[in-house]
Amino acid sequence: MSRFQVVSGKGGTGKTTVAAALALALATEGRRTLLVEVEGRQGIAQLFGSEALPYEERAIAVAPGGGEVHALAIDAEQALLDYLQMFYKLGGAGRALKKLGAIDFATTVAPGVRDVLLTGKACEAVRRKDKQGRFVYDHVVMDAPPTGRITRFLNVNDEVAGLARIGPIHNQAQAVMRVLKSPETAVHLVTLLEEMPVQETADGIAELRAADLPVGRIVVNMVRPHLLDEDALRTASGGRRKEIAKALTRAGVTGSAGLVRPLVEQASAHAQRVGLEREQRAVLAGLGLPTVELPLVGEGVTLSSLHDLAAEFRKQGVGDETADAATAGPGGARRPARPGGGSARGMGS
Ligand SMILES: Nc1ncnc2c1ncn2[C@@H]1O[C@H](COP(=O)(O)OP(=O)(O)OP(=O)(O)O)[C@@H](O)[C@H]1O
Ligand SMILES: [Mg+2]
């Protein structure tokens, strides 16, 4: 499982929800995940019912087995101050620059620079190590910009090439691209089983591949259960009202004449939807990527349904590190289990 997980997808398909569930799924067994957002919308805070996130990493949830999800809302302006501090030791001067409005210039007028700062901060968290040389976060999950903007957002190198051919910004962009184009990164696309988001997913994958960015999985979100078996589906799509009325009478349901029409209409709408969903599933299958399906949870997404969606991820093999322990490589060593932490099952150590 790549250490940097980027979640994109068409607007409103559930990127924020899926990123949060994925962060929880990856935090089980005592691991530590960082969930980051980059669009200043405070979607993560809303989802976890916490206050607005400051520009500071803080624990927001505990996963089964004692793992922790930390969260950070990355702000370009703050990231620029970090960056100036890091490269030029300009803490105070950075603040002075900010007063002069120079930072507004850099973050609003040069969007390429803005993206370098946002992705740069995320990559810094991916690579950060503690004093013992272990990764501070086992995984970093990004609630990323939507499909239409993701390739450009991640392709920071191209963006800054015209701005800075040498110097620290150039080097920073190069370092960021080394992480983003490596197997350390996986870009997942969230979709629904509907024509528009599926089309956008196909286009997004083509764009990412053309830019040499590593595509991870397709996450089909809000999947509704199929209520009818094959026979019933055929009957329902045929809208065979008389047959159904007869069957009801045979089953001893009387006085059902007025019920039959709306029931048949509903069943036929359901059958039609199932048919359309099958078509979209076939299109997705043709894209040749591993797929995860997450159910539609009722009554809005709560913390408890986030945990259910995380469990669903794990059931479908995401977050089970035994599967790719072999590819963990140097630095893949786990920190010792914390109290209540769960290396008890002997996974991922
Ligand atoms: N599996 C699910 N079951 C039920 N509701 C869901 C599910 N996933 C997401 N939702 C709901 O769908 C809506 C959109 O989800 P979310 O905000 O995660 O999407 P998004 O792609 O991040 O949207 P945006 O493009 O605005 O950032 C929210 O109301 C969320 O609660
Ligand atoms: Mg969102």
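Just so you know, all these numbers are worked out from the coordinates, no wet-lab data involved. Quick caveat: nothing in here was measured; it's all calculated off a predicted structure. Please note: Cβ atoms are built from the backbone with ideal geometry, for glycine as well, and neighbour counts cover all protein chains shown.
Looking at region 148-217, which GluC sites (Glu not before Pro) are DSSP coil and have at most 14 other C-beta atoms within 10 Å of their C-beta? Please list the in-between numbers first.
Working: sites: Glu159, Glu184, Glu194, Glu195, Glu200, Glu207; in loops: Glu184, Glu194.
Within region 148-217, no GluC sites (Glu not before Pro) qualify (loop, at most 14 other Cβ atoms within 10 Å).
What distance in nm separates the two pseudo spin-label positions at Lys246 and Ala311, each 7 Å out from Cα along the beta-carbon direction?
Taking the two extended label points, one gets 4.5 nm.
Is the shape of region 239-308 best called rounded, prolate or oblate, per the rule: a/c under 1.5 gives rounded, else a/b larger than b/c gives prolate, else oblate, with a ≥ b ≥ c the square roots of the Cα gyration tensor eigenvalues?
Working: a/c = 3.87, a/b = 1.79, b/c = 2.17.
Cα axes put region 239-308 in the oblate bin.
Hey, fewest Cβ within 10 Å first, where do Ser2, Ser305 land in order? Please list the in-between numbers first.
Details: Ser2 19, Ser305 16.
Arranged by neighbour count, lowest to highest, Ser2, Ser305 become Ser305, Ser2.
In terms of the Cα gyration tensor, with a ≥ b ≥ c the square roots of its eigenvalues, is region 45-88 rounded because a/c is under 1.5, prolate because a/b exceeds b/c, or oblate?
Working: a/c = 4.93, a/b = 2.00, b/c = 2.46.
Oblate, since a/c reaches 1.5 and b/c is not below a/b.
Using 0.36 nm per residue of separation minus the Cα-Cα distance, give me the extension gain between Val253 and Ala282 in nm, one decimal.
Numbers: separation 29, 0.36 × 29 = 10.44 nm, distance 3.87 nm.
That works out to 6.6 nm of additional length.
For a Förster distance of 51 Å, can you work out the FRET efficiency between the beta-carbons of Arg273 and Glu77, rounded to the nearest 0.05? Walk me through the intermediate numbers first.
Details: r = 46 Å, r/R0 = 0.89.
Computed FRET efficiency for Arg273 and Glu77 comes out at 0.65.
Using Cβ contacts closer than 10 Å as the measure, can you line up Thr302, Thr13 from fewest to most?
Numbers: Thr302 13, Thr13 24.
Going from least to most buried by this count: Thr302, Thr13.
Put +1 on the Cβ of every Lys and Arg and -1 on every Asp and Glu Cβ in region 157-238; which of Ser182, Ala206, Val220 then has its Cα farthest towards the positive end of the dipole?
Farthest along the dipole direction, towards plus: Ser182.
From a point 7 Å beyond the Cα of Met86 in the direction of its Cβ, which residues of region 112-133 have a backbone N at a distance under 12 Å?
Zone members listed by number: 116-129.
Based only on other Cβ atoms within 10 Å, what is the fewest-to-most ordering of Thr17, Thr201, Thr235? Write down the numbers at each step before the final one.
Details: Thr17 22, Thr201 27, Thr235 19.
Starting with the residue having the fewest Cβ neighbours, the order is Thr235, Thr17, Thr201.
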